């Protein structure tokens, strides 16, 4: 019996140093589906930015935003594609591509994510402004036509004006952008 416990103790002594290394390796992996929150470090605009312009996000931690500890001190890097400003006949476009993560130790890894907060990168709607223009045009049309019911023609002119007013996409610096990992991210240093 004494020999059994001695052998068990020696086996545990040999295995114990290997266990933390395995735990460290698995803790370096950030699982697929993990949500990441990043703060936009510069303003992005379909009016002023161009295809290929680069931008960075800084991981946001706080009460409502929790990022994996492996990303502390890192930055998310990306670029823009399909950037076109709003015009009278088309909406603004801007495709946001997140490329990689630059870790605190200086290594850069591909960042397999998809954008969750789409509304950040969409043109703003101006429903109140549009309604005001249409109503104002209807009143002006009615007044210009006298009692000949020019309100309908004025409202139609207001709708025509509103349809040509398009908004650019603007995401201001400091905006929180939510991302989701589409694959596991292994942040372990090479050789670990």
To the nearest 0.05, what FRET efficiency results for residue 107 and residue 58 with a Förster distance of 22 Å applied to their C-beta separation? 0.85
A chain fully extended from residue 91 to residue 29 at 0.36 nm per residue, minus the present Cα-Cα distance, gains in nm 18.3 nm
So, in nm, how far is label residue 99 from label residue 66 when the simple model puts each one 7 Å beyond its Cα toward the Cβ? 3.2
Among 109, 71, which comes first, second and so on when ranked by fewest other beta-carbon atoms within 10 Å? 109, 71
Exposure proxy check: 55, 76, 63 ranked by fewest other beta carbons within 10 Å? 63, 55, 76
The FRET efficiency for residue 173 and residue 81, from their Cβ-Cβ distance with R0 = 25 Å and rounded to 0.05, is 0.80
Within 10 Å of each residue's Cβ, count the other Cβ atoms and sort 177, 39 from fewest upward. 39, 177
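Computed from the coordinates by the stated procedures, all read-outs in this text should not be read as laboratory data. Small disclaimer: the values here were computed from a predicted structure and weren't measured. All Cβ positions, even for glycine, are placed from backbone atoms using ideal geometry, and neighbour counts span all protein chains on display.
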